[in-house]
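Working notes, beginning with the structure itself.
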Amino acid sequence: MRTLRTLLLFFPLLLLAFVSCGKRNDSLPALQRVALLANTHPDSAMALLDSLRDSIFLQPRSVRMYYDLLTVKARDKAYIRHTSDSLIRSVLRYYERRDDKKYLPETYYYAGRVYSDLGDAPQALNYFIRASETADGKDYDLLGRIYSQIGILYLYQAVYDKALPVFRKCYQYNLLEGDSAALVYCIRNIGRTYSVLNQVDSALYYYKEADSLAIRLGSNFLRRKVNGELSAYYTQLGMYKEAYKCLQMALSQMSLAERAPRYSTAARYYFSVNQIDSAYYYSKRMTEMERYSYKKEGYEGLARIARLRGNYEKAFEYFDKYLVYADSTSELVRTEAVRKINALYNYQLREEENNRLQMQNRQQKNYIVWITASMVVVVALFFAYRQNRKRKEEGRINQLQKLKALEEQKYRQSQEFIEENKKRIAELEKELQEVRTTSDISRQELLHAQKLSLEKDNEQVEAQQKMEQEAVKAFQTSAIYIKFHETDDKILEEDWSELISAIDNTYRNFTQRLKDLYPMNEVELQVCLLLKIDMPFKRIALLVLRSKQAVTSIRKRLYKKVFGREGTPDDWDRFIRNF
């Protein structure tokens with residue numbers, strides 16, 4: 001009936017899985033159901049996975065990798081021993097390359113489980129630690145399982161002092177998850193750790209706590225798990241009354257895997273309390289077990305019992321078998337020791353290789369970073385150079401436009417401009433006389449308007465020239481002009497300011513127009529001011545407190561900065577006097 005109910009329960013899921021096989025990319029929802037099913041019904045999860053096997057190869061690689069991960073998970077949950085790491089290694093490579101935050105922690109966990117089954121404790125521990133480092137801090141279920149496995153590995157490696165704090169972490173996460181069954185196992189493991197540390201009171205306390213919690217949960221299954229160990233511990237301590245009570249619970253129902261250790265406990269208990277027939281029964285049952293260590297213990301018990309009964313022939317027979325299995329067990333122990341050493345050595349080799357590869361990767365990354373940075377710097381310098389060159393070119397063009405505008409303005413205020421206009425006026429008068437003989441009135445009006453415009457331009461220029469001449473005459477007779485030309489007194493800051501003001505009034509904002517062409521410093525501006533008032537070269541050097549060579553250099557440099565080409569000091573002087 002129970003099998004029928006299970007089939008009826010999971011038939012819709014199986015049907016859905018088969019339907020999903022016919023559609024590409026539809027396997028992922030089915031796999032997500034498998035993931036949930038694996039936790040409680042791993043056999044059914046494996047059946048679902050098996051039904052998807054043929055169609056899974058048509059799916060994207062991400063789905064195939066998830067399928068492989070669930071295969072490892074379902075086998076682990078079903079207590080099927082892992083015999084190869086090939087499947088989990090391919091899954092690991094896939095999720096590591098993608099740095100998959102969702103599946104990588106669980107992948108690390110099952111890699112640890114695989115290597116635990118393969119007897120490679122160092123590698124298993126490495127993956128469990130990676131799982132703990134990458135797991136979501138709120139995935140209490142996974143973290144609880146991770147720390148449980150780490151603690152068990154520490155016990156297996158006899159690193160008892162490290163096991164205890166790890167099991168305490170496991171307890172905290174199981175408590176946060178609210179997983180009471182996991183808490184029973186965790187508390188039992190804490191008791192087991194205290195027992196190997198020979199802290200009897202603490203060991204008994206935690207074993208009893210685990211049993212009490214199992215009672216509160218109403219789970220005889222969990223009680224048998226706890227009492228199986230507790231009965232052995234009580235027997236070891238010589239507390240036979242308590243051991244008997246626990247042993248009855250442990251023996252009430254057993255799985256195949258639990259029989260050998262519980263037969264061993266029962267045989268030692270009954271031998272200790274001198275119940276030889278019961279001790280014989282359980283010793284005999286131990287000889288039927290597969291593991292040589294239990295066979296050895298069983299024949300040892302039978303030999304002791306036969307000797308107590310005076311049946312020495314049988315005792316020797318059992319003892320011979322004991323020696324055979326003792327030798328085999330010793331060989332297995334030696335093999336196990338060698339295997340552990342090899343596993344540790346291989347792990348160290350892998351770590352060294354990993355460290356070498358990591359160093360190589362770091363060097364390659366550093367090289368790539370250096371190359372990239374160099375390229376960025378080169379590109380940045382190129383663009384900076386290009387932008388600077390562009391700014392300079394734009395500045396040069398702008399400067400040429402300014403100079404061209406100045407030349408145009410200078411021409412339109414020159415006598416040459418007036419003379420050109422007069423020539424054009426004479427030509428217009430001649431044309432006007434010719435047109436008057438015709439009836440083209442519009443042509444007459446146009447020529448007359450052009451003639452009047454040119455005459456007006458000349459009048460304005462002549463008026464401007466007259467004003468400038470008067471301004472220059474007034475300036476050349478001013479006190480500040482005379483002071484700079486004739487005084488031997490020290491020229492003060494106020495004198496320079498007054499000279500600037502006088503020149504700007506005379507030559508229409510001379511200093512500002514000059515600075516628009518080039519941002520001069522104080523000495524350069526002073527040289528230009530003195531050139532503008534026709535100061536002799538030697539006196540210029542005296543007034544600006546510079547050598548004659550320095551003043552010459554200033555004039556030459558200013559010409560190049562303003563015009564963008566080489567020139568002589570005299571070229572600059574002519575420019576300033578006409579500016």
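The numbers here are math on the coordinates, done by the rules we state, and not lab data. Please read all numbers here as calculations on a predicted model, not as lab measurements. All Cβ positions, even for glycine, are placed from backbone atoms using ideal geometry, and neighbour counts span all protein chains on display.
For the set Lys390/Lys560; Lys138/Lys169; Lys138/Lys225; Lys483/Lys560; Lys241/Lys314; Lys483/Lys515, the pairs lying more than 22 angstrom apart at their alpha carbons are Lys138/Lys225; Lys483/Lys560; Lys241/Lys314; Lys483/Lys515.
Percent relative contact order of the range 478-579, based on C-alpha pairs within less than 8 angstrom and at least six residues apart?
Rounded, it is 21 percent for the range 478-579.
Applying 0.36 nm per residue to the separation of Ser374 and Val273 and subtracting their alpha-carbon distance, the gain on full extension is 28.1 nm. Relative contact order of the range 413-472, taken over Cα pairs closer than 8 Å and 6 or more residues apart, is 47 percent.
Between helix 493-506 and the chain there is an angle of about 60 degrees, using the helix long axis and the longest principal axis of the Cα atoms.
With the simple spin-label model, which puts each label point 7 Å out from Cα in the Cβ direction, the Asp488 to Arg97 separation comes to 9.5 nm.
When a footprinting reagent is the concern and you count Cβ atoms within 10 Å, what order do Glu470, Glu229 take, fewest first?
By the 10 Å Cβ count, ascending: Glu470, Glu229.
Classified by the C-alpha gyration tensor, the range 413-472 has a prolate form. Its axis ratio a/c, with a ≥ b ≥ c, is 1.5 or above, and a/b is larger than b/c. Which distance in Å, rounded to a whole number, links the C-alpha centroids of the range 131-151 and the range 200-265? So the separation of the two Cα centres works out to 27 Å. For the range 244-303, the equivalent ellipsoid derived from the alpha-carbon gyration tensor has semi-axes of 16, 16, 7 Å in decreasing order.
Quick one: grab the alpha carbon gyration tensor of the chain, order the square roots of its eigenvalues as a ≥ b ≥ c, and give me rounded if a/c is under 1.5, else prolate or oblate depending on whether a/b is larger than b/c. Here the chain falls in the prolate category. The string of couplings for the range 451-456 from the Karplus curve (6.51, -1.76, 1.60, θ = phi - 60°) is 5, 5, 4, 5, 4, 5 Hz, one whole number per residue in order, with x for Gly and Pro.
Full extension of the segment from Tyr518 to Glu317, taken as 0.36 nm per residue of separation minus the current Cα-Cα distance, would add 60.6 nm. Annotation for the range 477-570: GluC sites (Glu not before Pro) lying in DSSP loop with at most 10 further Cβ atoms inside 10 Å of their Cβ are Glu566.
On full extension, the segment bounded by Ile215 and Arg307 gains 28.9 nm, given 0.36 nm per residue less the C-alpha separation. Between the alpha-carbon centres of the range 50-118 and the range 271-306 there is a gap of 42 Å. Applying 1/(1 + (r/R0)^6) with R0 = 45 Å to the Cβ-Cβ distance of Asp141 and Ser90 gives a FRET efficiency near 0.95. Within the chain, the longest run free of trypsin sites (Lys or Arg not before Pro) that sit in a DSSP loop with at most 14 other Cβ atoms within 10 Å is 310-489. The long axis of helix 548-563 is offset from the longest Cα principal axis of the chain by roughly 80 degrees. Looking at the square roots a ≥ b ≥ c of the eigenvalues of the Cα gyration tensor of the range 478-579, which shape do they give, rounded for a/c under 1.5, prolate if a/b is larger than b/c, or oblate? Judged from the Cα gyration tensor, the range 478-579 comes out oblate (a/c at least 1.5, b/c at or above a/b). Remark: the range 295-305, residue by residue, has Karplus-estimated 3J(HN,Hα) of 4, 4, 5, x, 5, 5, x, 5, 5, 5, 5 Hz, where x stands for each Gly or Pro and the curve is 6.51 cos²θ - 1.76 cosθ + 1.60 at θ = phi - 60°.
Relative contact order of the chain, taken over Cα pairs closer than 8 Å and 6 or more residues apart, is 5 percent. Each residue of the range 165-173 was assigned a 3J(HN,Hα) from its phi angle through the Karplus expression (A = 6.51, B = -1.76, C = 1.60, θ = phi - 60°), giving x, 5, 5, 5, 5, 4, 4, 4, 6 Hz with x at Gly and Pro. Here the simple spin-label model places points 7 Å from the Cα toward Cβ, and for Gln157 and Val196 these points are separated by 1.2 nm.
What is the helix-to-structure angle for 42-56, meaning the angle in degrees between its Cα long axis and the longest Cα principal axis of the chain, kept from 0 to 90 and rounded to the nearest 10? Once rounded, one gets 50 degrees. Each stretch of four or more DSSP H residues adds -39500 (n - 2.57); spread over every residue of the chain, this sum gives -28500 deg cm²/dmol at 222 nm. Here each label is just a point 7 Å from Cα along the line to Cβ, and for Glu290 and Ile397 those points are 8.9 nm apart.
Exposure proxy for Cys186, Cys528: other Cβ atoms within 10 Å of each Cβ, ordered fewest to most, give Cys528, Cys186.
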